[in-house]
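Chemist: Pasting a structure here, questions to come.
The values are calculated or read from the model by the stated rules, or taken from the named source; none is laboratory data. Because the structure is a prediction, the values reported are computed rather than measured. The accessibility values were calculated without ligands, DNA or RNA, using every heavy atom of the protein model including side chains. Shrake-Rupley method; radii C 1.70, N 1.55, O 1.52, S 1.80 Å.
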Amino acid sequence: MPAIRGLVVAVGDWYAKLLAITLPRNMRHLSECYVATTPEDEEVKAVVASVPGAKLFVTDAFHRPDANGVKPAFNKGHGIELCFDFMGRHGWIWIWDADCLFPDSIPLAQLRPGRLHGCRRRILDDPTRWHPGFNWREATPCRDGGPIGFTQIFHCDDA
């Protein structure tokens, strides 16, 4: 299995709560994971500090005004690009959303350079049903195409 580094954005209390569930479990597939957040996000920082292999990237880029002084609602792309600069653009990278929980088994040996890898997902419509032994086959399959924004795996040599 190739070493894969993760990158996830988590900003705000809601995402800190989700990250507390997903990050420790998703780390089983990652060699390290960079969590991009804002300077004031103490809850996200605490989650990252509690998970071995997780690294913090703090930036104000998500809400930083552009060259014309226009302040964006949330500039996720700019924050991700700065995190890429911080972590280095090499090897395999898995970008994922904080609300994604990876399954126990993933065929990562099938990853191939030159391709953008993604997956289909299942949605837990009622988060109160989740517990560590939850059977994901009971969650609703989502019919969005793939690969799409919620998870992408690629090799940096593919640029």
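Chemist: Run down the lysines and flag those whose C-alpha is under 26 Å from the C-alpha of K55, throwing out any fewer than 8 positions away in its chain.
Modeler: Within reach: K17, K45, K76.
Chemist: Using only protein heavy atoms and a 1.4 Å probe, report how much of R129 is accessible, in Å² to the nearest 10.
Modeler: 100 Å²
Chemist: Stick to the Cα atoms of the stretch 20-76, pair each with every other, and give me the Kirkwood hydrodynamic radius in Å at one decimal. Could you put the intermediate results ahead of the total?
Modeler: Numbers: mean 1/r = 0.0793 Å⁻¹.
For the stretch 20-76, inverting the mean 1/r across all distinct Cα pairs yields 12.6 Å.
Chemist: Once Rh for the chain is found with the Kirkwood sum over Cα pairs, what is the Stokes-Einstein diffusion coefficient at 20 °C and 1.002 mPa s, in µm²/s?
Modeler: Details: Rh = 16.6 Å.
This corresponds to a translational diffusion coefficient of 129 µm²/s.
Chemist: Output the antiparallel fraction of DSSP beta bridges having both residues in the chain, as a percent to the nearest 5. Provide the component values of the computation, followed by the final result.
Modeler: On the way: 8 of 24 bridges.
So the antiparallel bridges amount to about 35 percent of the total.
Chemist: Now for a separate question. Need one value: the accessible area of D13 in square angstrom, 1.4 angstrom probe, rounded to the nearest 10.
Modeler: Counting only protein heavy atoms, the figure is 80 Å².
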